[in-house]
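To start, the structure itself, in structure tokens.
The values are calculated or read from the model by the stated rules, or taken from the named source; none is laboratory data. This structure is a prediction, so every number in the text was calculated from the model and none was measured. Side chains included, ligands, DNA and RNA excluded: accessible areas come from the protein's heavy atoms. Shrake-Rupley method; radii C 1.70, N 1.55, O 1.52, S 1.80 Å.
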Amino acid sequence: MAEPVVRIPDAKVALSTASVYPESTATAFEIAARLGYDGVEIMVWTDPVSQDIEALRRLSDYHQVPILAVHAPCLLITQRVWSTDPWVKLQRARAAAEKLGATTVVVHPPFRWQRQYARDFVTGIWRMADETDVRFAVENMYPWRYRDREMLAYAPEWDVTNSDYRHFTVDLSHTATARTDGMAMVDRMGDRLAHIHLADGKGSNKDEHLVPGRGDQPCAELLERLARTGFDGHVVIEVNTRRAMSAAEREADLAEALAFTRLHLASSSAQVPRS
């Protein structure tokens, strides 16, 4: 006879500080501590605290919430954060990760208009990865759409599995916006999948970042696979709570996302013989 055994992987569940926007980075630490997240991922953006290593260290120490990952400033609104040179941005993200004890830097592929950066990006990421123990996990993106028009905004392209990177981040809101098969992308990433941005989507033209379970992406299926395979990276809740009508509603959304994630990370079973 055999009985099912629940496997819980070593993966930590973190809260992206972007998930509390328009609230502050400091608020994200407070919520992560109160709800029982294992840590945070710092989205480096226009909030001065997100750019200040000492301020982040103090928040981490005060709330006893470790910083597990740093998201480099790759967004349009962060073009002048930590320099206008994209390689300087990545160097500063790596230095921040090393000083804060984070194991991963999340980075987007270049915009197509960043021609020199895009031309050297794949080899440059490998070179930087060789210089540190911090993992540079390149994130899948999506084509930009407006009505019936589609623009390829990223280079070499939005599907990062078509390039040779040491580590990947998969974002299921991005697979929804790209209207691509999320689990097929995970298959292509294989053992180079190092980092998860967990959010849902319904295939809108806009990147939705819904609470897991509210869209049509394989959030539960992915988590259950991570449990079966003993994934030891980080699962980061990166959802959009901008429409929350109150702090309590925002916190309820983030509590629901955490509960969903822990449930499905613990729901995979294996058959083992009884003694």
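Using DSSP, restrict attention to beta bridges with both residues in the chain and report what percent are antiparallel, rounded to the nearest 5.
Numbers: 10 of 39 bridges.
Counting only bridges with both partners in the chain, antiparallel ones make up about 25 percent.
Over segment 1-87, average the accessible area per residue using a 1.4 Å probe and give it in Å², no decimals. Spell out each step's value before the answer.
Working: 4110 Å² over 87 residues.
In whole numbers, segment 1-87 has 47 Å² accessible per residue.
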Residue with peak Gaussian network fluctuation, the chain [Cα springs, cutoff 10 Å], from SER246, SER24, SER16: SER246
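Express in nm, to one decimal, how much length is gained between ASP120 and MET245 on full extension, taking 0.36 nm for each residue of separation and deducting their alpha carbon distance. Write out the running numbers ahead of the final one.
On the way: separation 125, 0.36 × 125 = 45.00 nm, distance 4.40 nm.
Stretched fully, the ASP120-MET245 segment lengthens by 40.6 nm.
Give me the number: length gained by fully extending ARG145 to THR84, i.e. 0.36 nm times residue separation minus the C-alpha to C-alpha distance, one decimal in nm.
Numbers: separation 61, 0.36 × 61 = 21.96 nm, distance 2.60 nm.
Length gained between ARG145 and THR84: 19.4 nm.
Based solely on its DSSP helices, what 222 nm [θ] is calculated for the chain when runs of n ≥ 4 H residues each add -39,500 (n - 2.57) and the sum is averaged over all residues, nearest 500 deg cm²/dmol? Mind dumping the intermediate values first?
Values: 8 runs with 97 residues, N = 275.
Rounded to the nearest 500, the figure is -11000 deg cm²/dmol.
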Where only alpha carbons of segment 77-157 are counted, the Rg and the Dmax (Å): 13.9, 46
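Semi-axes of the equivalent ellipsoid for segment 1-140, please: Cα gyration tensor eigenvalues, times 5, square-rooted, ordered largest first, whole Å. All intermediate terms of the calculation are to be shown ahead of the outcome.
Numbers: eigenvalues 151, 88, 37 Å².
Computed over segment 1-140, the values are 28, 21, 14 Å.
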Contact order normalised by residue count of the chain, Cα under 8 Å, 6+ apart, percent: 23 percent
Spatial separation of Cα centroids for segment 186-205 and segment 15-88, in angstrom: 21 Å
Range of Cα positions in segment 140-184 per principal axis (Å), largest first: 35, 21, 13
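Ignoring any ligand, DNA or RNA, what whole percent of the accessible area of segment 131-207 comes from carbon and sulfur when the probe is 1.4 angstrom? Intermediate values should be presented prior to the final figure.
Working: 1430 of 3320 Å².
Carbon and sulfur together cover 43 percent of it.
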P(r) tail fraction, the chain - alpha-carbon pairs more than 32 Å apart, %: 20 percent
